[in-house]
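The structure appears right after this line, and notes come after that.
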Amino acid sequence: MSIDKFRVIAVDGPAASGKSSVSRALAQKLGYVYVNTGAMYRAVTWLALEKGVDLSDAAAVERLLEDSRLEAGIEEGQSCFRVDGVDPAEALVSPEVNSGVSKIATLSCVRTRLVEMQRQYGLRCDSVMEGRDIGSVVFPETPAKFYVDASVEVRAARRLGQGLNDPVALRDAMDSARKSSPLTVPAGAWVIDSSDMNVAEVVTEMLRLLQPLGILPLSE
Ligand code: CDP
């Protein structure tokens with residue numbers, strides 16, 4: 001793995017903290033690729049549900065991964081992820097996937113496979129990569145790490161506002177308690193509480209913090 005050639009900006013945080021919106025906007029400002037690692041865990045969850053695999057049966061999920069084709073690419077400046085040639089698209093945020101994804105994300109066979117694919121992006125492009133363990137496990141060496149937080153009330157309201165049925169508090173509890181790569185504030189991360197900030201304000205703050213690292217926005 002080389003992060004000397006390409007830069008990785010890690011953005012971690014709990015469910016519905018606004019990571020996706022700010023990561024996408026930050027990537028656009030910098031001309032970096034936006035990589036959504038949650039979509040990878042969601043796609044594997046969708047596949048397991050489609051195939052009727054019990055999400056807590058590690059051996060069955062491992063067999064499923066061995067028998068499936070997982071592909072991570074870049075399309076229009078963003079990561080794309082296909083399982084057996086399919087991008088599950090809207091199904092990634094279905095209530096069934098929302099309630100199953102944190103179960104799948106506890107399995108080390110899943111994490112090992114997906115982390116390996118996430119690290120490949122570091123060899124291909126400058127990226128803003130969002131998730132739960134990017135600054136702690138996937139790219140611990142990157143100097144550019146953010147932890148985006150917001151109060152649980154604000155996060156639940158944001159998800160409801162998107163019209164999505166999503167057990168955010170339950171997912172947070174599972175993501176923080178799991179043994180393998182739990183959600184944590186990575187060492188050296190800048191913590192931003194976005195409860196009272198909009199996307200543009202968070203991105204402005206991120207750009208200010210990144211400036212001393214020589215990471216500058218594209219000229220407009
Ligand atoms: O809905 P939200 O954007 O907050 O979550 P997401 O980024 O789509 O991630 C969905 C779930 O995938 C999380 O609740 C975690 O269980 C898992 N995940 C993970 O374990 N590690 C990552 N790097 C990204 C997501």
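In straight-distance terms, cross-link reach from LYS145 covers every one of the lysines whose alpha-carbon lies under 16 Å from its own, apart from those fewer than eight places away in the same chain; here that gives LYS19. From the square roots a ≥ b ≥ c of the eigenvalues of the alpha-carbon gyration tensor of region 1-75, which class results: rounded (a/c under 1.5), prolate (a/b over b/c), or oblate? Prolate, since a/c reaches 1.5 and a/b exceeds b/c. Helix 108-121 axis versus longest C-alpha principal axis of the chain: approximately 40°, rounded to the nearest ten. Excluding GLU153 itself, what net charge comes from residues whose Cβ is under 15 Å from its Cβ, given Lys and Arg +1 and Asp and Glu -1? Cβ neighbours under 15 Å give a net charge of -2. In region 8-213, taking the dipole from charged Cβ atoms about the Cα centre, the farthest positive-side position among VAL35, VAL148, VAL86 is held by VAL148. Counting only the Cα atoms, the chain fills a convex hull of 118 Å³ per residue.
Add +1 for every Lys or Arg and -1 for every Asp or Glu among the other residues with Cβ under 14 Å from the Cβ of ALA58, and state the total. Here the charged neighbours net out to +2.
Charged side chains reduced to their Cβ positions (Lys and Arg at +1, Asp and Glu at -1) give the chain a dipole of some 300 debye around its Cα centre.
Axis of helix 168-177 versus longest Cα principal axis of the chain: the two differ by about 90°, to the nearest ten degrees. Rounded to the nearest 500, the helix-only mean residue ellipticity at 222 nm of the chain stands at -13000 deg cm²/dmol, with each DSSP H run of n ≥ 4 adding -39,500 (n - 2.57). Here the extension length gained between THR112 and GLN28 equals 27.4 nm, from 0.36 nm per residue of separation less the Cα-Cα distance.
Along the axis of the charge dipole computed for the chain (Cβ charges of +1 for Lys and Arg, -1 for Asp and Glu, origin at the Cα centre), the listed residues GLY77, LEU160, SER176 are led at the positive end by SER176.
A simple packing score, the average count of other Cβ atoms within 10 Å per residue, orders the peptides 90-101, 6-17 as 6-17, 90-101, with the highest score first.
Working ranking of peptides 163-171, 124-132 by packing, defined as the average number of other Cβ atoms within 10 Å per residue, highest first, is 124-132, 163-171.
For region 99-167, taking Cα atoms only, Rg and Dmax work out to 14.7, 38 Å respectively. With a ≥ b ≥ c the root eigenvalues of the C-alpha gyration tensor of region 111-220, is it rounded (a/c under 1.5), prolate (a/b larger than b/c) or oblate? Cα axes put region 111-220 in the oblate bin.
For the chain, the longest principal axis of the C-alpha atoms and the axis of helix 19-30 are separated by about 50°. Each Lys and Arg Cβ is given +1 and each Asp and Glu Cβ -1; about its Cα centre, region 104-170 then shows a dipole of about 140 debye.
Anisotropy class assigned to region 62-140 is rounded, per the alpha carbon gyration tensor with a/c under the 1.5 cut-off.
Basic side chains Lys and Arg get +1 at the Cβ, acidic Asp and Glu get -1 at the Cβ, and with that the dipole of region 111-220 about its Cα centre reaches some 540 debye.
Throughout, read-outs are computed from the coordinates displayed, never taken from laboratory work. Predicted model, so just to flag it, every value in this text is computed and none were measured. Ideal geometry is used to build each Cβ from the backbone, glycine not excepted, and the neighbour counts take in all protein chains shown.
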